[in-house]
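Asker: Encoded as structure tokens, here's the structure I'll be asking about.
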Amino acid sequence: MKKLNVADSNILNGIAAAPGIAIAHAYLYEKEKLEIKDGAVTDTKEAVENLKEAIERSKYELRKVFTIATEKMGKNRAAIFEAQLMILDDPVLIEQIIRRIETEKRLPEFIVNDEITRYQELMNASDELYMKERSQDIEDIKNRIIRNLQKKRLQSKITSQVIVVTSSLTPADTILFSKSNVKGYITDFGGLTSHAAIVSRSLKIPAVVGTHDATSRIENGDLVIMDGFHGIVILKPDETQLSFYRNKIEKLTQFDKELAELKDKPAVTLDGKEIVIRGNIDITDEVDFLVQNGAKGIGLLRTEQVFGGLDTFPGEDEQFVAYHELAEKIYPEYVIIRAFDVGGDKFLPHDVKEPNPFLGWRGIRFLLDNPEIFKTQIRAILRASIHKNIKLMLPMVVSLEEVKRSKALLKECKDELRKEKIKFDQHLNLGIMIEVPSAAVLAKEFANEVDFLSIGTNDLIQFLLAVDRGNEIVSMLYQEFHPAVIRTINQIIKNGQRGHAFVSMCGEMAGDTIAIPLLVGMGLDSLSVSPSSIPYIKRIIRNLHFSKAQELAGECLGMSSLQEVTERIEKFFSENLIQQTNNFM
Ligand code: PEP
Ligand code: MG
């Protein structure tokens with residue numbers, strides 16, 4: 001198909017925040033700019049009453065949003081709005097605002113703005129992108145209270161199917177618009193991890209964010225094409241552009257149908273080699289989606305994410321309930337529960353500041369230094385294992401010593417539970433992540449010590465190539481087909497299997513369709529990928545000859561440059577899998 005010239009003057013570039021393509025007329029959603037007045041109040045009692053009324057009204061609106069969100073996205077994802085509701089219930093904040101109204105005798109809208117802006121400034125000063133983007137959520141609450149103080153109503157109803165174009169979207173806007181079957185979102189501001197982007201992905205509504213000037217270039221009613229796969233927006237498209245994208249939509253619909261048909265089919269190559277495909281999940285609500293997409297169980301449960309990104313460690317009972325529910329839901333398949341992998345770019349308690357967090361107090365190191373936290377989790381996992389479909393996995397392991405110490409704690413927990421007459425799986429499988437070069441070198445020894453190994457390429461590549469996985473300046477150097485990376489992966493697989501361990505991969509590389517023939521050819525037993533990638537991966541495997549994949553792997557492993565490897569893989573696709581590459585991703 002002819003390629004589109006992205007330098008065309010009617011094309012705007014942004015961030016591809018939620019996949020999908022839409023062609024529709026634009027609806028310019030201009031939020032009324034709130035003018036915040038300052039002034040004296042004579043009757044502070046009445047002013048406080050007005051504030052309370054505005055807060056109640058805001059809660060009412062948010063509860064409505066929360067209900068719709070729960071229906072559309074599940075309880076866990078809707079928790080964003082629950083968190084906003086909790087801020088409205090925060091007695092410290094509300095009492096502080098009331099106190100200031102009473103002592104300063106100024107208009108409530110001024111005090112609300114001043115007080116909540118202070119919160120936001122603190123969040124904006126943070127180095128973490130996450131905190132900065134959460135400050136947008138607080139902005140939503142602030143504007144909501146002020147709008148209700150000014151007794152203005154929100155306009156979020158649209159009548160026809162349109163693409164909403166706006167400067168920035170709040171998660172609540174995203175939910176409310178979705179009720180009117182909006183076809184897509186385009187914004188001037190916002191990033192990939194903003195909640196509005198996350199909500200769009202959950203709702204499966206295409207979104208392109210961070211275009212800078214969409215609202216000044218697009219007018220109400222303009223015909224627009226948006227491509228949420230590539231972050232492209234086309235204003236007033238010409239006939240060539242329209243037919244290019246209509247064609248894509250048609251193919252996409254056809255492709256989705258084909259993928260859905262794969263759901264119950266195994267991931268087996270044309271010459272009979274089966275690869276077990278499991279799903280990685282960060283929140284328990286993803287399980288249904290994972291099952292819908294035909295996964296054979298959960299290959300990685302990131303427990304540090306499951307409990308709301310962890311502000312504090314959950315207790316044994318809370319963890320038991322979550323693991324038990326999940327194990328029952330996924331039965332008879334397995335769930336591999338990874339012990340808390342805190343540290344690095346994830347939460348670390350005790351307010352620890354480290355110069356190199358990725359090389360610091362992470363994963364198993366933290367857990368062994370905090371045996372009470374580790375044991376609480378192990379006990380919860382054991383208690384939930386009665387159906388014998390749970391396995392435990394340790395993160396960031398670098399030495400055999402760490403495995404032995406973990407096993408000793410596992411034994412302690414088993415002995416305790418036996419004494420307490422609590423049932424559990426006596427043979428609970430134990431495995432480790434191989435995500436550090438030292439563990440890769442010792443794969444055979446580890447394999448003798450545990451039941452399974454899971455290759456975590458996200459960390460393994462960063463440590464092997466000394467390239468920070470989250471630093472966009474060096475992102476070009478983060479290369480999954482670097483000869484050292486593929487040879488290391490191959491060594492892990494071969495040595496792991498020699499040590500009689502089941503070898504799987506759960507890093508992002510396992511979900512990269514281009515990498516599949518090579519990974520299968522190197523002999524991986526299983527892949528664990530994000531649920532949405534499962535059908536794509538299955539499709540490649542079902543059209544692959546294992547013998548040819550082995551040949552490909554053999555050749556690539558003898559190469560010494562990235563370019564040689566990538567060119568060989570491209571050639572493999574054009575010779576063997578031309579039908580399986582698609583234009584959408
Ligand atoms: C990995 O490192 O590849 C992995 C799966 O773990 P995480 O992305 O949680 O660090
Ligand atoms: Mg990791």
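Computed from the coordinates by the stated procedures, all read-outs in this text should not be read as laboratory data. Every value quoted in this text rests on a predicted model; they were computed, and no experiment measured them. Ideal geometry is used to build each Cβ from the backbone, glycine not excepted, and the neighbour counts take in all protein chains shown.
Asker: With the structure loaded, tell me whether Lys548 is part of a helix (DSSP H, G or I) and crowded, with 17+ Cβ neighbours inside 10 Å or whether it fails that test.
Answerer: yes
Asker: Filter the range 313-362 down to residues that are within 16 Å of ligand 2 (Cβ to nearest atom) and of a type in the set (S, T, N, Q), then give me how many there are.
Answerer: Step one: filter the range 313-362 for residues within 16 Å of ligand 2 (Cβ to nearest atom), giving 336-348, 356-362.
Keeping just the survivors that are of a type in the set (S, T, N, Q) gives 356.
Final tally of qualifying residues: 1.
Asker: Pick from the range 291-307 the residues that are without any contact (Cβ under 8 Å) to a residue 60 or more places away in the chain and within 16 Å of ligand 2 (Cβ to nearest atom): which of them is surrounded by the most Cβ atoms within 10 Å (Cβ to Cβ)?
Answerer: Leu301
Asker: Just give me the residues in the range 165-197 being surrounded by fewer than 20 Cβ atoms within 10 Å (Cβ to Cβ) and closer than 22 Å to Pro531 by Cβ, in sequence order.
Answerer: Result: Leu192, Thr193.
Asker: Further question on the same structure: Given the condition more than 25 Å from Asn181 (Cα to Cα), surrounded by fewer than 21 Cβ atoms within 10 Å (Cβ to Cβ) and not aromatic (Phe, Trp, Tyr), answer yes or no: does some residue in the range 63-83 qualify? Spell out how you get there, then give the answer.
Answerer: Step one: of the range 63-83, the residues more than 25 Å from Asn181 (Cα to Cα) are 83.
Now restrict to residues that are surrounded by fewer than 21 Cβ atoms within 10 Å (Cβ to Cβ): 83.
Cutting the leftovers down to not aromatic (Phe, Trp, Tyr) gives us 83.
Among the residues of the range 63-83, at least one is more than 25 Å from Asn181 (Cα to Cα), surrounded by fewer than 21 Cβ atoms within 10 Å (Cβ to Cβ) and not aromatic (Phe, Trp, Tyr), which makes the answer yes.
Asker: Any idea which residue in the range 390-416 is farthest from ligand 2 (Cβ to nearest atom), counting only those that are free of Cβ contacts under 8 Å to residues at least 24 places away in the same chain and either acidic (Asp, Glu) or buried (at least 17 other Cβ atoms within 10 Å of the Cβ) (or both)?
Answerer: Asp415
Asker: A further question follows. Within the range 313-322, is there a residue that is within 16 Å of ligand 1 (Cβ to nearest atom), under 24 Å from Leu410 (Cα atoms) and crowded, with 17+ Cβ neighbours inside 10 Å?
Answerer: Narrowing the range 313-322 to residues within 16 Å of ligand 1 (Cβ to nearest atom): none.
No, the range 313-322 contains no residue that is within 16 Å of ligand 1 (Cβ to nearest atom), under 24 Å from Leu410 (Cα atoms) and crowded, with 17+ Cβ neighbours inside 10 Å.
Asker: Scan the range 445-459 and give yes if some residue there is free of Cβ contacts under 8 Å to residues at least 24 places away in the same chain and either within 15 Å of ligand 1 (Cβ to nearest atom) or closer than 30 Å to Glu575 by Cα (or both), otherwise no.
Answerer: Keep residues of the range 445-459 that are free of Cβ contacts under 8 Å to residues at least 24 places away in the same chain, which gives none.
No: the range 445-459 contains no residue that is free of Cβ contacts under 8 Å to residues at least 24 places away in the same chain and either within 15 Å of ligand 1 (Cβ to nearest atom) or closer than 30 Å to Glu575 by Cα (or both).
Asker: When you go through Ile298, Ile336, Ile283, Ile275 one by one, which is the residue that is of a type in the set (Val, Ile, Thr) and more than 15 Å from ligand 1 (Cβ to nearest atom)?
Answerer: Values: Ile298 fails: more than 15 Å from ligand 1 (Cβ to nearest atom); Ile336 fails: more than 15 Å from ligand 1 (Cβ to nearest atom); Ile283 fails: more than 15 Å from ligand 1 (Cβ to nearest atom).
Checking each option against the conditions leaves just Ile275.
Asker: From (1) out of contact with any helix residue (DSSP H, G or I) (no Cβ under 7 Å at 6 or more places or on another chain); (2) under 30 Å from Pro237 (Cα atoms); (3) not β-branched (Val, Ile, Thr), pick out the condition that doesn't hold for Leu12.
Answerer: (1)
Asker: Keeping to the range 460-502, report how many residues are within 16 Å of ligand 2 (Cβ to nearest atom) and of a type in the set (Asp, Glu).
Answerer: Matching residues across the range 460-502 total 2.
Asker: Are any residues in the range 29-80 outside any helix (DSSP H, G or I), over 26 Å from Ile98 (Cβ atoms) and of a type in the set (A, V, I, L, M, F, W, C), and if so, which ones?
Answerer: Step one: filter the range 29-80 for residues outside any helix (DSSP H, G or I), giving 29-43, 74-78.
Those still in the list that are over 26 Å from Ile98 (Cβ atoms) too: 29-33, 74-78.
Within the range 29-80, just Ala78 meets the criteria.
Asker: So which residues in the range 493-536 are touching a Leu at 6+ places or on another chain (Cβ under 8 Å), β-branched (Val, Ile, Thr) and farther than 22 Å from Asp285 by Cα, if there are any at all?
Answerer: The answer is Ile493, Val503, Ile516, Val520.
Asker: Here is a follow-up. Filter the range 166-187 for residues that are within 16 Å of Gly221 (Cα to Cα) and touching a Phe, Trp or Tyr at 6+ places or on another chain (Cβ under 7 Å) and give the result.
Answerer: Correct list: Thr166 only.
Asker: Please go through (1) surrounded by 19 or more Cβ atoms within 10 Å (Cβ to Cβ); (2) in contact with a helix residue (DSSP H, G or I) (Cβ under 8 Å, 6 or more places away or on another chain) for Cys506 and return the number of the only condition it doesn't satisfy.
Answerer: In the conditions (1) surrounded by 19 or more Cβ atoms within 10 Å (Cβ to Cβ); (2) in contact with a helix residue (DSSP H, G or I) (Cβ under 8 Å, 6 or more places away or on another chain), Cys506 misses (2) alone.
Asker: Still on this structure, please answer the following. Go through the range 360-371 and count every residue that is within 23 Å of the chain's Cα centre (by Cα) and in a helix (DSSP H, G or I).
Answerer: Of the residues in that region, 2 qualify.
Asker: Just a yes or no: is a residue in the range 539-553 without any contact (Cβ under 8 Å) to a residue 24 or more places away in the chain, more than 28 Å from Leu290 (Cβ to Cβ) and in contact with a Phe, Trp or Tyr (Cβ under 6 Å, 6 or more places away or on another chain)?
Answerer: If we filter the range 539-553 for residues that are without any contact (Cβ under 8 Å) to a residue 24 or more places away in the chain, which is where we start, we get none.
Within the range 539-553, none of the residues are without any contact (Cβ under 8 Å) to a residue 24 or more places away in the chain, more than 28 Å from Leu290 (Cβ to Cβ) and in contact with a Phe, Trp or Tyr (Cβ under 6 Å, 6 or more places away or on another chain).
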